[in-house]
1. Scan (1) more than 12 Å from the ligand (Cβ to nearest atom); (2) in a helix (DSSP H, G or I); (3) open to solvent by 40 Å² or more (accessible area, probe 1.4 Å) for the single condition residue 111 breaks and write down its number.
2. In the list 14, 50, 10, 80, which residue meets the criterion of being over 20 Å from residue 161 (Cβ atoms), in contact with a Leu (Cβ under 8 Å, 6 or more places away or on another chain) and of a type outside the set (Gly, Ala, Ser)?
3. Looking at 27, 68 in this structure, which one is among the hydrophobic types (A, V, I, L, M, F, W, C), more than 14 Å from the chain's Cα centre (by Cα) and open to solvent by less than 80 Å² (accessible area, probe 1.4 Å)?
4. Do we find that residue 137 is over 15 Å from residue 51 (Cβ atoms), open to solvent by less than 20 Å² (accessible area, probe 1.4 Å) and within 14 Å of the ligand (Cβ to nearest atom) in this structure?
5. Could you count how many residues in segment 86-104 are open to solvent by 10 Å² or more (accessible area, probe 1.4 Å) and assigned to a loop (DSSP other than H, G, I, E, B)?
6. Identify the single condition in (1) charged (D, E, K, R); (2) in contact with a strand residue (DSSP E or B) (Cβ under 9 Å, 6 or more places away or on another chain); (3) under 20 Å from residue 37 (Cβ atoms) that residue 71 does not satisfy, given that it satisfies every other one.
Amino acid sequence: MRRLLFKNLVRRSVTEPRPDPGDAALAELAGQLDRAARRVLGHSLAIREVDAGSCNGCELEIHALSNAFYDLERFGLRFVASPRHADVLLVTGPIAKNMREALLRTYNATPDPKWVVAVGDCAIDGGTFAESYAVEGGVSRIVPVDLHIRGCPPTPEQLLKGLIALLEQ
Ligand code: SF4
């Protein structure tokens, strides 16, 4: 016990260093997204995230967009609690059968114009869960998808690039 305590006292941190808060590339991407959203929608982008059976790896990256590392709310990117306030649905996971109805209801509750973005390899075709009896096998089997963002999971930068491409298409 004493040895373990001593080891932990002298051990260096195992966490990754935080990104440079002045990361110019990231700030440029976020600023670009905000400008595109204001041009197309007249306001900043409102996103409703729907976890439809993911392993939560994709959620960790999506949440990273608004955590203290990236803090993209400073550029107007907003996650909203209700689909009635959303412009974009970010959907993750292979669509578990028991999330099918919830996804459909969320889609129907989102006002037009709206976009659906399938995030992560699972959301495209079921990914690593494709063979499971419990999944539908991709977002496009339930609701129309406007954009797929590949990755397992995609990084925050890939998410931003995907959202910019969506608004500029
Ligand atoms: S794409 Fe990868 S990280 Fe995302 S839900 Fe599927 S297995 Fe998890």
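1. Checking residue 111 against (1) more than 12 Å from the ligand (Cβ to nearest atom); (2) in a helix (DSSP H, G or I); (3) open to solvent by 40 Å² or more (accessible area, probe 1.4 Å), the one that fails is (2).
2. Working: 14 fails: in contact with a Leu (Cβ under 8 Å, 6 or more places away or on another chain); 10 fails: in contact with a Leu (Cβ under 8 Å, 6 or more places away or on another chain); 80 fails: in contact with a Leu (Cβ under 8 Å, 6 or more places away or on another chain).
Only one candidate passes the filter, namely 50.
3. Working: 68 fails: open to solvent by less than 80 Å² (accessible area, probe 1.4 Å).
After ruling out the rest, the residue left standing is 27.
4. Working: over 15 Å from residue 51 (Cβ atoms): yes; open to solvent by less than 20 Å² (accessible area, probe 1.4 Å): yes; within 14 Å of the ligand (Cβ to nearest atom): yes.
So residue 137 passes the test.
5. In the first step, residues of segment 86-104 are kept if they are open to solvent by 10 Å² or more (accessible area, probe 1.4 Å); the result is 87, 96-102, 104.
Cutting the leftovers down to assigned to a loop (DSSP other than H, G, I, E, B) gives us 87.
Of the residues in that region, 1 qualify.
6. With (1) charged (D, E, K, R); (2) in contact with a strand residue (DSSP E or B) (Cβ under 9 Å, 6 or more places away or on another chain); (3) under 20 Å from residue 37 (Cβ atoms) applied to residue 71, the lone miss is (2).
This table checks each residue for (1) within 16 Å of the ligand (Cβ to nearest atom); (2) open to solvent by 40 Å² or more (accessible area, probe 1.4 Å); (3) part of a helix (DSSP H, G or I).
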site	(1), (2), (3)
84	no, yes, yes
106	no, no, yes
117	yes, no, no
123	yes, no, yes
143	no, no, no
148	yes, yes, no
159	yes, no, yes
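Rundown of residues vs (1) within 13 Å of the chain's Cα centre (by Cα); (2) of a type outside the set (Val, Ile, Thr); (3) within 20 Å of residue 150 (Cα to Cα), yes/no style:
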site	(1), (2), (3)
91	yes, no, yes
95	no, no, yes
107	no, yes, no
110	no, no, no
114	no, yes, no
119	yes, no, yes
126	no, yes, yes
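The values are calculated or read from the model by the stated rules, or taken from the named source; none is laboratory data. These numbers were taken from a predicted model, which means no experiment stands behind them. FYI the Cβ positions are ideal-geometry reconstructions off the backbone, even for glycines, and counts take in every protein chain you see. Accessible surface areas use protein heavy atoms only, side chains included; no ligands, DNA or RNA. Shrake-Rupley method; radii C 1.70, N 1.55, O 1.52, S 1.80 Å.
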